[in-house]
């Protein structure tokens, strides 16, 4: 694609030889080289459309990875859309149809203004093409949500216990809260509701980690570590459990966090926690 300066500079130099300022020389160039600039603009627009399609594919690839479009790229796409929407073709065809150099002052004025618009748009299109070449990324991994909403079914009679659970939670002396009850009475539903309620609170914690723990004789430590790793937005370290535990411990020590363990038997829970017996 030809560069705008290749078309403008020779004419500008010729006109500058007459003693006209550079600005006037440039405007004169946009008037006399209108047809040349129009062809350059069409070529630039075709290239910009192709570049925008390529960017769209890369952004889609990022979104498919659960990433988000980089704000700089998103702003670029919006600007491309605005530039391409400003179509000058109708004005150009109308001017071309009535004769560019007729003695009609109105046509000469239209040519002058249209020539300036074409040059300005050509510069904008080329700037967007060059700007895309500077992109180093098209998406980014968003920070984990503070609370991941969980689906649950509202049940009758749960609100008093849910309110009591919030009271324990808001009591700064309670660092561990245990809920006891027979299987199938709604403890998981209660925890789901509590988890979702935390989305509405302004408490200064960074993340809520909900972990489904198998109530079997042997805990799946790796699965628990993987859940915590994902919720903290950390890369998975393929090493032994003890090494990962140290990494997660250091990461958690820098945050205010809430961990909800569902389906965990009483055995193995530290002493000194607040227990509540839940019955329906």
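The values are calculated or read from the model by the stated rules, or taken from the named source; none is laboratory data. For clarity, every value in this text was computed on a predicted model and none was experimentally measured. A quick note on method: Cβ atoms are made from the backbone with ideal geometry, for glycine too, and the neighbour counts reach across all protein chains shown.
Can you find a residue that is assigned to a helix (DSSP H, G or I), modelled with pLDDT under 70 and over 30 Å from residue 144 (Cβ atoms) anywhere in segment 80-89? If you could, list the steps in order and put the result at the bottom.
Filtering segment 80-89 down to residues assigned to a helix (DSSP H, G or I) leaves 80-85, 89.
Then keep just the ones that are modelled with pLDDT under 70; that gives 89.
Pick out the ones that are also over 30 Å from residue 144 (Cβ atoms) and you get 89.
Yes, that holds for at least one residue.
Only one of 29, 66, 54 is at pLDDT below 90 and more than 25 Å from residue 116 (Cβ to Cβ); which? Before you say what the answer is, go through the steps one by one.
Numbers: 29 fails: more than 25 Å from residue 116 (Cβ to Cβ); 54 fails: at pLDDT below 90.
Just a single option satisfies the conditions, and that option is 66.
Mind checking whether some residue in segment 157-164 is surrounded by 14 or more Cβ atoms within 10 Å (Cβ to Cβ), part of a loop (DSSP other than H, G, I, E, B) and touching a residue at least 24 places away in the same chain (Cβ under 8 Å)?
yes
Failed condition for residue 130, given (1) out of contact with any strand residue (DSSP E or B) (no Cβ under 8 Å at 6 or more places or on another chain); (2) exposed (fewer than 13 other Cβ atoms within 10 Å of the Cβ); (3) not in a helix (DSSP H, G or I), with all others met?
Unmet for residue 130, out of (1) out of contact with any strand residue (DSSP E or B) (no Cβ under 8 Å at 6 or more places or on another chain); (2) exposed (fewer than 13 other Cβ atoms within 10 Å of the Cβ); (3) not in a helix (DSSP H, G or I): (3).
Determine whether segment 268-280 contains at least one residue that is in contact with a strand residue (DSSP E or B) (Cβ under 7 Å, 6 or more places away or on another chain), modelled with pLDDT of 90 or more and under 22 Å from residue 180 (Cβ atoms).
No, that holds for no residue.
As an exercise: evaluate residue 202 against (1) closer than 19 Å to residue 147 by Cα; (2) modelled with pLDDT under 90; (3) touching a strand residue (DSSP E or B) at 6+ places or on another chain (Cβ under 9 Å) and give the number of the one condition it does not meet.
(3)
Conditions first: (1) modelled with pLDDT of 85 or more; (2) more than 30 Å from residue 61 (Cα to Cα); (3) surrounded by 17 or more Cβ atoms within 10 Å (Cβ to Cβ). Residue 179 passes all but one, so which condition is the exception?
(1) is the only condition that residue 179 fails.
Mind listing whichever residues of segment 38-74 are surrounded by fewer than 17 Cβ atoms within 10 Å (Cβ to Cβ), assigned to a helix (DSSP H, G or I) and under 11 Å from the mean Cα position of the chain (by Cα)?
Matches in segment 38-74: 63, 71, 72, 74.
Looking at (1) without any contact (Cβ under 8 Å) to a residue 24 or more places away in the chain; (2) surrounded by 12 or more Cβ atoms within 10 Å (Cβ to Cβ), which is the one condition that is false for residue 173?
Condition (2) is where residue 173 drops out.
Which of the numbered conditions does residue 194 fail, given that it passes all the others? Conditions: (1) touching a helix residue (DSSP H, G or I) at 6+ places or on another chain (Cβ under 9 Å); (2) under 30 Å from residue 79 (Cβ atoms); (3) not in a loop (DSSP other than H, G, I, E, B).
(2)
When the residues of segment 231-265 are filtered to those that are within 28 Å of the chain's Cα centre (by Cα) and under 30 Å from residue 183 (Cα atoms), which remaining residue is surrounded by the most Cβ atoms within 10 Å (Cβ to Cβ)?
231
Condition first: at pLDDT below 65 and in a helix (DSSP H, G or I). Now tell me which residues in segment 96-107 satisfy that.
The answer is 97, 105, 106, 107.
Among the residues of segment 117-150 satisfying the criterion of being in contact with a helix residue (DSSP H, G or I) (Cβ under 7 Å, 6 or more places away or on another chain) and within 30 Å of residue 255 (Cα to Cα), which is modelled with the lowest pLDDT?
Among residues in segment 117-150 that are in contact with a helix residue (DSSP H, G or I) (Cβ under 7 Å, 6 or more places away or on another chain) and within 30 Å of residue 255 (Cα to Cα), the one modelled with the lowest pLDDT is 144.
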